[in-house]
1. Rounded to the nearest 0.05, what FRET efficiency do Val4 and Leu48 give with R0 = 25 Å and r taken as the Cβ-Cβ distance? Could you check?
2. Using the Kirkwood formula on the Cα atoms of the chain, what hydrodynamic radius do you get, in angstrom to one decimal?
3. Quick one: helix 42-62 against the long Cα principal axis of the chain, what's the angle to the nearest 10°, folded into 0 to 90?
4. Averaged per residue, what accessible surface does the chain expose to a 1.4 Å probe, in Å²?
5. Can you tell me, using C-alpha contacts under 8 Å and at least 6 residues apart, the relative contact order of the chain as a whole percent?
6. Report, in degrees rounded to the nearest 10, the 0 to 90 angle that the Cα long axis of helix 13-23 makes with the longest principal axis of the chain.
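The values are calculated or read from the model by the stated rules, or taken from the named source; none is laboratory data. Computed from a prediction, not measured in an experiment: that's the story for all the values here. Positions of Cβ are generated from backbone atoms using ideal geometry, with glycine treated the same way; all protein chains shown enter the neighbour counts. Side chains included, ligands, DNA and RNA excluded: accessible areas come from the protein's heavy atoms. Shrake-Rupley method; radii C 1.70, N 1.55, O 1.52, S 1.80 Å.
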Amino acid sequence: MKTVTYKELADRFDEILDDVADNHTHYKVVLEEAKAVMLVPYQEYNVLMDTYNHWIEQKEEILPEDNLF
């Protein structure tokens, strides 16, 4: 994973987007006020969502009374 600022993303948008799409590189984009977003290839996003959904299902099975989702 690489980390860039929002300004770096804006200045190098095409290069970074190509790196994500072609090389499957993940980017953390740091915004103001200590916020951040991620850029990940779509194919890997699907895997991450499947994993996340599975985690939520497990949490619901283990601790339904503590479910915050």
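1. E(calc), rounded to 0.05, equals 0.80.
2. 14.0
3. 20
4. Using a 1.4 Å probe on heavy atoms only, each residue of the chain averages 81 Å².
5. 24
6. The two axes meet at around 60 degrees.
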